[in-house]
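Below is one structure, written out as structure tokens; comments come after it.
Just so you know, all these numbers are worked out from the coordinates, no wet-lab data involved. All of these numbers come straight from a predicted model, not from anything done at the bench. Note that we place each Cβ from the backbone using ideal geometry, even for glycine, and neighbour counts take in every protein chain shown.
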Amino acid sequence: MYVSLEPPSVQVLMPSVFPADAEANYFEVTIRFSEDISGLAFNNFTNLTSWQTLGGVNGVIVFVSQPTNREIVEWIWPIQKGRVTIQVPGNVFSRNYGNLDHNNPSNTLIVYHGCGMLWGEGLTHSTIEDTNAESWWHCSRLCLENPSCESFTFDARNGQPGGGSVPAPCRLYDQAELSGSVNPAQVSSARACSVNADVKAPEMMIVRRGDTSALPLPGGSVPNFYNHPNYIHLFAEIHFTEPVKHIDPSDLDIHCTNCTFDGGLGWVHLAPLHQENVTWPLWSDKWGVEIRLDELPPGFTTAKVVIGLDPSHNVADFSGNLVSNTPATIEFIVQPGCDTFKQYNGEVLFSGNLFNWHGAPGFTYNECAAACRNTPECRGFSFHNAGSCFLKWGADPAPDGWNQFPDGNYDSGIRDCACAANCLDIEPEAKCGDYIVTGSETCDDGNDMGGDGCSATCQTESGYTCPTPGEICEPLCGDGLVIGGEQCDDGNTAVGDGCDDNCLLEVGWVCSTPGFPCDPICGDGQLKGSEQCDDGNTAAGDGCSDTCQIESGYTCPTPSASCVPVCGDGLLVGGEECDDGNTAAGDGCSDTCQIEAGYTCPTPGSPCFLITTAPPTTAPPPPVTTAPPPPPPTTLPPSTTAQPPPATTAAPTTGPVTTAPPTTVPQPGIPTTEPPMAPTTGAPPVLVPPVDVDDITDDLDNLKNPDAVDISDAEDTIGSLVGGEGEEPPTPPPVDSPEDFSSRLLKTINVAKVARKEDMAGLAKPNSTQEETKAQRNAVVKALMRNLQKAAIDRSTKLSDVSSSPAEVLLSAVTLATTVEVADETENDDMDTAEAGVATFKALAAVSADTISQPDDTLADAVKELQGLQYYLDGAAGLLRQLNRTAKADGHLRRLTPAANGTYHTLSSDIIGTTAQLADSLATRAAAHPNGTAEVVGAKTRLRVARTDTASGATLTMKETSVAVDMPSLPSIPPAVCADGGGLRESVQMTFWADDPYAYAAQEEVPMANLTANDTLRNAAQGTLAVSARQCGSDLQLTAGDGQQRPFRLFIPRPSADSVPAAGNASVNGTERAYDVHVVCGFWNASTHQWDTQGCHVNLALSNETTLCCECTHLTEFSSLFRSVIVDSHIAGVVGGAGDSLARMADITAWTQNIAAFFVSIMIAIHTTCLILSVYFDCKHPITDEILLDIWMTDPLLE
């Protein structure tokens, strides 16, 4: 949009065509704006007086139109003959966009109108100036601007209005005499006409109210009969001899005798009775005045009210002449009314008519009497037998009084409250608003307006009570309706709930919905109602929420004061620097939740880490030497692919790592001046610009920001990853430095961000369907993971002697997690992608774990390493999801052949084993911590590591979960010298996977009614807890026993009752069988690759609705399972009291697959025989029966 730099402007113009009627009572002007009116801001556009001025003899606007979006056309009617000026002043409007300057003033348009303007009359005098003008209006302006000009003539076009061409001759004269030869082509006018010569003061007359058939009478005395002292209205009219532009109640002089009128007990209303059809200003020569007397003194009966013009009034005509102070007044005699009339048959009241219904026959005598009874100013009436009715002002002498004469055509009546004979009683009409409850009225509050308790038809409105007729109604407090003076109504009259017993709002409350409880005002510093806190604001995150509820981690003891963080609750809020779940000092987080020197506390609710610092290096750096070029790389055969190193049980070294340039050995036959070009199998090597990984990882938000992408670089990278149509993608060059590796990680993250977008940020092939685009994204993910695998393996093998920096650890973990997230979003279920992802995880973790286990130089280094662990946990969880998706797509279930499942079992073991390797890197931090523990939390996975001496005989818990391990007293573990010579401290690891890591091995859901096996184990998908004791990077095979007093107790999430199927009956091989369902504790059997229950059972006494207590004799991965067990109905009936023993027996893994099944069958037969014998000897040998039953119940096998 073009925006002018100049202020907006406006012009006032006359039409170029001469008016058809020189004596027309209005003229037309055009107001033209420099731009669209819709883009301009006025204070009040519809009030023309706010942005236009009329001067001279003044005038009013009788018509307004807007023919275009930049023009307004107005018809202006001068109040009298003479000069009229029109102008739009400056600074009355402005632009509402762009340059907001106010307008410049318009030109001043001057018009002579109806002022001696004559056709065909010229002048015989000599001209003082002969010129040309565009119109008669233009010529008149030239005369005005010349001080010597007294008159002028203008040549109309061809002698006719609107004809001819312009400009036309304009002649100016120094004399005002309009005489001379007649020229039909000329029009003339005198300048003297433009002078406002009106000096005559308007006159005023106050008259009585009358109808169209009776002329209003001036002033005088008027009777007024009232029915109720609180409903007395007096009406009169004020007439002026010419229009006035201002009058208000302050211009009137009102006197009361035996009454009071001071503006507080009554009011005056003025309104124009006759108004020209104009837009502004409001003016008239006739005004109506209404005076209402209210709240009169007790015992009020009669009064006199006199209305006149106040001597200090400010009423003037449009020439500024004040209205003359004439003695015109009107007097009202106010007296009580009555229903009685004295009848005069055969008589007429002549003259003094108030209303005359002479031309509207159809009245009866009584109807005429009722019309007088209900008209306050009526004193009497005459009824003509033809049906005409005449109401009379009063009995005063002429001109407003009447004379009484005999006339057989008339019957009359005069109001007479003391009538004794020939009287007529007339009931007052039921008139709503007269303070009198009559007829069907249930209330009358003195007005005919609804919404105040008494409706416009004088019926009591809902929510009000009107106990006293003629008085104001009152709202009903407590009915749930907010009406009248009520500020609230909550449906009761109780106090202290926001709305008091008078339905007034109490301090500190808001009552937004009538009939409903009020709500306390959150943020006012007052504790009311359901508020738990009120700190004087509605900001969330400061301890008191925007709904005034205490936020987690805070206490708010004092209303209006700031809330205080609760130190020691494991939540990091407010000014806390740390919160390790206790208020003990000396463990890294002080008793005021501030980080103590030498510690870092990355995870709220978890122990802090002691920062171990590497000893400073005192040896000088080695001299820089020029090494001969390296030998050419070995080119593998096409069928050979670089593989990650085999898994090792040795832990990473804990000794210091020295970073030095690699030593190269000269090779025979190779010159040292120019290194040979290494042969390549794909794309040429890329020169990598320096990458400041520390700076990049300092801003994780930007690194993870999905919109912070380099589209051009992503497009180039994708091209090098996937290649062209039908082409094999080029093999990327080997990683030759940590900087090169970091650069490739950044490119991977950049491409991953692009692949996350549904249209690949515009890089998808044109006109692709949604499915085609998804396939393209999956192809990019597959190539991206394969390329990342190649780079990670290069980094862990070819650069194994170069330690990974803390920043590289974090960048590696973020890259893995980001790539796995893209696989999740694209629902990638490709086995090659899964294998590449697991290989990448193993290679990256191998490099990173060594760095994490080493002493840290700075706090920032420690933080980055721990953040890297968090992202590695997210990546591991994502790889398990990838594996489960792939298995579901392939249909590889656990009942298939081992060959079909071998790949999945291997990959899942690699993921969990690599996670344990990363956990080992925390052992040194746990060992150095006073509590002997360390914990890292990912998005859906939590990891806790503890020293064995700390875990022994203790309960290890995970914050914000229902997961814990109660360890027995562990036997002394002899120290071991690890393969790398470093030796890691022994530790106990807890890893909680929110998602089932072994979902890939889940069998298809089988309805309970179709069961054919004796028992079925199903994971309840409540998460899996892995617990292991570690030494030198391998699991220690600890079992409960060897002198230990109790087994391992594991507390894991319990499946909800509605997620466990109910017991029932099923037909198995034609036999009706009952089946039961139990929640059991299961572990993952790494040998059978199935869930198993051997060595574990549920401790019901220590379990509850949400947590299952599992007692096991060994450590591995545990989960809560539900088991469906088919029970022979006959046996179930006999041994119904031994259900617990049967349930425990069912815990033996898969009867038909266990080598002890045969032995178990024999034992069941023996037990059955014993039971039969016990029944047989029941009568003869009750003691023997008791012994046999005891043997049945206490058989160790069933325990």
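A few comments on the model shown:
- In order along the stretch 1024-1037, the phi-based Karplus estimate (6.51 cos²θ - 1.76 cosθ + 1.60, θ = phi - 60°) of 3J(HN,Hα) comes to 10, 9, 9, 10, 8, 9, 10, 8, 6, x, 10, 6, 8, 7 Hz; Gly and Pro are listed as x.
- Ranked list, fewest to most other Cβ atoms within 10 Å of each Cβ, for 495, 573: 495, 573
- Sorting 800-807, 500-507 by their mean Cβ neighbour count within 10 Å, with the most densely packed peptide first, gives 800-807, 500-507.
- Potential lengthening of the chain between residue 94 and residue 422 amounts to 110.3 nm, from the contour at 0.36 nm per residue minus the alpha-carbon distance.
- Shape analysis of the stretch 703-840 based on the Cα gyration tensor places the equivalent ellipsoid semi-axes at 25, 16, 14 Å, largest first.
- Spin-label pair residue 144/residue 592, simplified geometry with 7 Å Cα→Cβ offset, distance in nm: 8.2
- Our estimate of slack between residue 505 and residue 1039, defined as 0.36 nm per intervening residue step minus the Cα-Cα distance, is 185.2 nm.
- Average Cα contact separation per residue, the stretch 338-428, under 8 Å, 6 or more apart, as relative contact order %: 48
- Three semi-axes describe the equivalent ellipsoid of the stretch 489-579; taken as square roots of 5 times the Cα gyration tensor eigenvalues and ordered largest first, they are 32, 10, 9 Å.
- Sorting 74, 865 by the number of Cβ atoms found within 10 Å of their own Cβ, with the fewest placed first, yields 74, 865.
- Ratio Rg/Rh, restricted to the stretch 734-786 and using Cα atoms, in which Rh is the Kirkwood radius: 1.09
- Legend: calculated FRET efficiency, residue 701 to residue 53, from the Cβ-Cβ distance at R0 = 60 Å, rounded to 0.05, equals 0.45.
- Point-to-point label distance, residue 43-residue 731, nm (Cα→Cβ direction, 7 Å offset): 8.5
- Each principal axis of the Cα atoms in the stretch 810-930 has its own extent, and those three values, largest first, are 50, 28, 21 angstrom.
- Seen from a random direction on average, the alpha-carbon convex hull of the stretch 391-501 projects onto 11.4 square nanometres.
- Label-point gap, in nm, between residue 1071 and residue 694 - each point 7 angstrom along Cα→Cβ: 7.6
- Set of the stretch 406-444 residues, backbone N closer than 12 Å to the point 7 Å along the Cα-Cβ line of residue 340: 415-426
- Over all other residues within a Cβ to Cβ distance under 15 Å of residue 790, the charged ones net out to +1, with Lys and Arg as +1 and Asp and Glu as -1.
- Sites residue 364 and residue 440 - FRET efficiency at Förster radius 25 Å, r taken between beta-carbons, to 0.05: 0.60
- Backbone N under 17 Å from the residue 905 label point (7 Å along Cα→Cβ), restricted to the stretch 1084-1117: 1084-1094, 1117
- Listed by Cβ neighbour count within 10 Å, with the fewest neighbours leading, 747, 528, 888 appear as 888, 528, 747.
- Rounded to the nearest Hz, the phi-derived 3J(HN,Hα) couplings of the stretch 582-596 under the Karplus curve 6.51 cos²θ - 1.76 cosθ + 1.60 (θ = phi - 60°) are 8, 10, 7, 8, x, 10, x, 10, 6, 6, 10, 6, 10, 5, 7, where x marks glycine and proline.
- Full extension of the chain segment joining residue 63 with residue 585 gains 179.2 nm, where the gain is 0.36 nm per residue of separation less the Cα-Cα distance.
- Using the Cβ-Cβ distance between residue 858 and residue 495 with R0 set to 56 Å, the FRET efficiency from 1/(1 + (r/R0)^6) comes to roughly 0.30.
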